[in-house]
Amino acid sequence: MSQTALELAQRALAAAEGDQAEVAVQTERSGFARFADSEVHQPTLIENAVVQLRVVRDGRVGSALTNRIEPDALRELARRAAEAADLAPPDPDFPGLAEPEPFPEVSAYDEETAALGAEEQAQLAGRAIEAAAPLAAYGFFTSALSELAVATSTGIAAHQPMTDATTLVIAAGEDVSGYAERSTWKAGAVEPETIGHEAAEKAARTRGAASLEPGRHAAVLEPYALGELLQWFGWDSFSGLGILEERSALCGRIGEQIADPRVTITDDPLDPDGLPKAFDFEGVPKRVVPLIEDGVARGVVWDRTTAARSPNGAASTGHAPPPPARVYGPMPTALSVGAGEASSVDELIELVGDGIYVTRLHYLGIVNPREGVITGMTRDGTFRIRAGRIAEPLVNLRFTVAVPDLLAEVPGLTRARQLVNQSQFYDERYPQGVLCPAIATARFNVTGSGSGPGL
Amino acid sequence: MRQLCEAAVDAAVAAGASYADARVVMRRAQLVATKNGQVEEISDLDSEGIGVRVLVDGAWGFACDRRTTDEGAREAALRATAFAKAAPGGHRRSLALVDARTAEYRTPLERDPFSVSIADKVDLCLRAEEGMKHADVTVRSAFVRAHREHKLFVSSIGSAIEQDIVEAGGGIEAIATSDALFQVRSYPSAHGGSSSQAGWEYVEGLDFVAQAPRVGEQASALLRAEECPPATTTVVLDSDQMMLQIHESIGHPTELDRVYGTEAAYAGTSFLKPDDVDSLRYGSDLMNVTADSTTPGGLGTFAFDDEGVRARREPIVEGGVLRGFLTSRETAARLGQGEGGSMRADGWSRMPLVRMTNLHLEPGDGGSLEELIDGVPDGVYLETNKSWSIDDKRLNFQFGTQIGWEIKGGRLGRMLRDATYTGVTPVFWGELDAVGGAAHWQLKGLTNCGKGQPGQDGHVSHGSSPARFRNVQIGVKA
């Protein structure tokens, strides 16, 4: 792997004009084979490099960003960042740039994944599509080589190449649909056929979906559903900015029992089963952060800016977001839910006895961040559970849940965990996901019904 | 740049493409944001590159490169062509015929928002923040944005279109908290303020400083307001919440690519079918919806879309009956009607998609907001979106608003917090029983409409007057 991203960061740093300077470079070579009705219809092949510069001049901070990397463009970038700083009032709360620290060793680069070209990406999509037949397949295969490099005037010189690949399939017909997805940093670890088969098998069981009256039900949530729900909850509730601005459901509750003792959630950017990262966009080493431990609220993630404002003297946990997202504060990008003791999802279904089974969620909305209330729909595989077994399929259900309440009574979680993709691939590529088991909860609040499965 | 696009198109055609287009896009975006009396962010972004789209034996290919050089253009063209040749599927895609066009377009504006000094922008934000100060307000924030996109489109049918689009906008927000409550008020809209295709005059017209005291006071008052109770009742929505209602329950379901299932894997499909035009009853007789890419100030305004189809104003719903879809050249050809006109891409590195342009609920004869409320013996009035969720076919929705008021005997009563309402799209629109008049019609622009994989942010405007709906379920709780 070349060091071009770090070299570029250092060239931009050399061009910078300020008392302090910080450069983050992201490069991307990616392919996206998106398909619908079993045909690729939105292919996207991207080659890009983005240089993000932050300078500090006489206590004033300014930023600029470009994807032009020639020497004159980097000088222009330096001029624009300096101008932004000079016109800003001094920022007394700015904590200064990070100092160099040792980075954890992580492995998140795979030569074979990096080498995948347009033809291979199209073929891998084709294998997933074929496996879903005779149902039509909707989804994508994507893979990428991306790099993050951070260089600062304080002496940080960090570089990490990353690969990632995701295969996602909805197998669907007029009144049936099923969903499956796998994400990994090693494309060869996933057979696309597995995803197509899983989606088609799930879809075949959704014909003839029944409705369900609103009310509180016990439920089993597959990792797809639990992962997305926790990611949305975490944006406010596991963020240091959420604590400072009193948006977090953990406000004033650190140290309290807020969930079932079976529930342990960390942000673990170092787990090789996830999408590992060594450092954040400020060049701070990534740390494993306990969020909920045996049901007790333990903490949140921080970047340097929010940590400096923390009344309890928090330190950055290595969760500074990409510079364009800095205003949103630090965010968990590697949520990891501790495994349970159930040997299978079927065992969770038995534990629930009577309730509903949810494959995945759709279009979540945060109704009340302080109470962790989120609404959304179930989709592509919702079933009734009766007498400890999967029974009839259900239409898509609207749910409105307070996540702490959903986690407060958890009969079990599976031993097996799965990495659930959380990248929607907006802006620059930065792979992220949630590593989680399936969960059984006694408290899943259904507030309405939508359409049936299928197109 | 035109030569660069032509080189890409020529390379694609030489490599076997039956159709090719190339877009060079140069984007600049500036953000000035303050929070609690301090500058939170001053950033200045520029990005440029070329995107090349090809059709080979009925299969699409798209590749892009940040290098605006001959080498970058040709390599993108060849990668796009290679992918299209390898793409799995039967591929019978065709495009509606359009004429070759040569044209230029430039946003009409009075004052370039990039010419306003950063110091003046910081000063405006800080003065607005000062006005929101209140005992219970714990977070005050303000921002202004400027955005320019210069793009050149060249296609193998001979079109060459150059457009220079400028946007300006911003917003202010106050958050009030107590031991158990978190309440927010925003102006002129939530989730990123409001923007217009215009100059700095748009931001000045928003008059943040004058609006700030109300925003701060209402955020504070919400801490003492009662929670919106559950009921089925009459709801009056302000223009701002109507924008969200139009966007989610009319805009997205009438995108023809969703109707054909090509967004199934992400944003979802639609409850509409291609043959529903002229027969499906979408709402009451008072419902008239127009897609208009010529609206002055609209974020979806242009001379030509991103596949070279001219701007237009078309009915989507007339008298409550579905009259048309938002289309591309490909989906129009499949429908056998029209030529497209709604294709836009998020910069140079994304393939154009069917997107809303400017989608409006036409004004009615309901008069002012006060007149709409006057006709309600018992109901609620709701303002400004707080949360939103809708199912994959765009039928079942649940939306929350920042603030509400009880309506009793045609008058506003006590303030209500945490109001939500839910419904099913055609049932809800069927209960539309009054639309405010033209004097109360407002246009606002949003910049966070997500669609596509990889994801694309769309910039869209909506216009609406306040409107009234009967028999709406409110007060959904966890």
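Observations on the model:
- Selection status of B:Thr269, touching a residue at least 60 places away in the same chain (Cβ under 8 Å) and assigned to a strand (DSSP E or B): no
- Some residue of region B:39-47 being within 30 Å of A:Glu22 (Cβ to Cβ) and out of contact with any strand residue (DSSP E or B) (no Cβ under 9 Å at 6 or more places or on another chain): no
- Restricting region A:152-184 to residues that are closer than 22 Å to A:Leu275 by Cα and among the small types (Gly, Ala, Ser), the residue that is surrounded by the fewest Cβ atoms within 10 Å (Cβ to Cβ): A:Ala157
- Single residue of region B:102-156 satisfying the filter (out of contact with any helix residue (DSSP H, G or I) (no Cβ under 7 Å at 6 or more places or on another chain) and among the aromatic types (Phe, Trp, Tyr)) that is nearest to B:Met1 (Cα to Cα): B:Phe153
- Answer from A:Ala408, A:Ala440 - the residue that is under 30 Å from A:Leu270 (Cα atoms), more than 18 Å from the chain's Cα centre (by Cα), of a type in the set (Gly, Ala, Ser) and assigned to a loop (DSSP other than H, G, I, E, B): A:Ala408
- Selection of region B:272-290 for residues being surrounded by fewer than 20 Cβ atoms within 10 Å (Cβ to Cβ) and either touching a Lys or Arg at 6+ places or on another chain (Cβ under 9 Å) or facing chain A (nearest Cβ under 8 Å) (or both) yields B:Pro274, B:Val277, B:Asp278, B:Leu280, B:Thr290.
- Screening the candidates B:Pro88, B:Pro113 for the property of being more than 21 Å from A:Ile69 (Cβ to Cβ), buried (at least 19 other Cβ atoms within 10 Å of the Cβ) and away from chain A (no Cβ under 13 Å) yields one hit, B:Pro113.
- Filter result (acidic (Asp, Glu) and either more than 9 Å from chain A (Cβ to nearest Cβ) or assigned to a strand (DSSP E or B) (or both)) within region B:49-76: B:Asp57, B:Asp65, B:Asp70, B:Glu71
- Residues of region B:291-322 classified as crowded, with 22+ Cβ neighbours inside 10 Å, of a type in the set (Gly, Ala, Ser) and within 13 Å of B:Ile250 (Cβ to Cβ), total: 1
- For region A:276-296, the condition holds for at least one residue, the condition being that it is crowded, with 22+ Cβ neighbours inside 10 Å and acidic (Asp, Glu).
- Candidate set from region A:1-24 (those that are within 25 Å of A:Phe425 (Cβ to Cβ) and either touching an Asp or Glu at 6+ places or on another chain (Cβ under 7 Å) or modelled with pLDDT under 95 (or both)); member that is farthest from the other protein chains (Cβ to nearest Cβ): A:Met1
- Residue that is nearest to the other protein chains (Cβ to nearest Cβ) [pool: residues in region B:184-211 that are within 18 Å of B:Asn36 (Cβ to Cβ) and within 25 Å of the chain's Cα centre (by Cα)]: B:Val184
Residue by residue, here is whether (1) crowded, with 23+ Cβ neighbours inside 10 Å; (2) more than 12 Å from every other protein chain (Cβ to nearest Cβ) holds:
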| site | (1), (2) |
| --- | --- |
| A:Asp72 | no, yes |
| A:Ala85 | yes, no |
| A:Gly96 | no, yes |
| A:Pro104 | no, yes |
| A:Glu111 | no, yes |
| A:Phe141 | yes, no |
| A:Glu147 | yes, yes |
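- First in region B:344-358 and at the interface with chain A (Cβ under 8 Å from one of its Cβ atoms), second anywhere and hydrophobic (A, V, I, L, M, F, W, C) and in a loop (DSSP other than H, G, I, E, B), Cβ under 8 Å, 6 or more apart: B:Met351/B:Ala345; B:Leu353/B:Ala345
- Taken over region A:36-70, the criterion of being more than 7 Å from every other protein chain (Cβ to nearest Cβ) and under 21 Å from B:Cys64 (Cβ atoms) is satisfied by A:Val50, A:Val51, A:Gln52, A:Ile69, A:Glu70.
Per-residue answers, yes or no, for (1) away from chain A (no Cβ under 14 Å); (2) of a type in the set (Ser, Thr, Tyr); (3) in contact (Cβ under 8 Å) with a residue 40 or more places away in the chain:
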| site | (1), (2), (3) |
| --- | --- |
| B:Leu361 | yes, no, yes |
| B:Leu369 | yes, no, yes |
| B:Val380 | yes, no, yes |
| B:Ser389 | no, yes, no |
| B:Arg394 | no, no, yes |
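- Residue count, region B:397-422 (criterion: out of contact with any helix residue (DSSP H, G or I) (no Cβ under 7 Å at 6 or more places or on another chain), outside any loop (DSSP other than H, G, I, E, B), in contact (Cβ under 8 Å) with a residue 24 or more places away in the chain and buried (at least 24 other Cβ atoms within 10 Å of the Cβ)): 6
- Under the condition of being within 23 Å of the chain's Cα centre (by Cα) and on the phi > 0 side of the Ramachandran plot, the residues counted in region A:323-369 number 2.
The values are calculated or read from the model by the stated rules, or taken from the named source; none is laboratory data. Keep in mind the model is a prediction, meaning the values are calculated, not measured. Ideal geometry is used to build each Cβ from the backbone, glycine not excepted, and the neighbour counts take in all protein chains shown.
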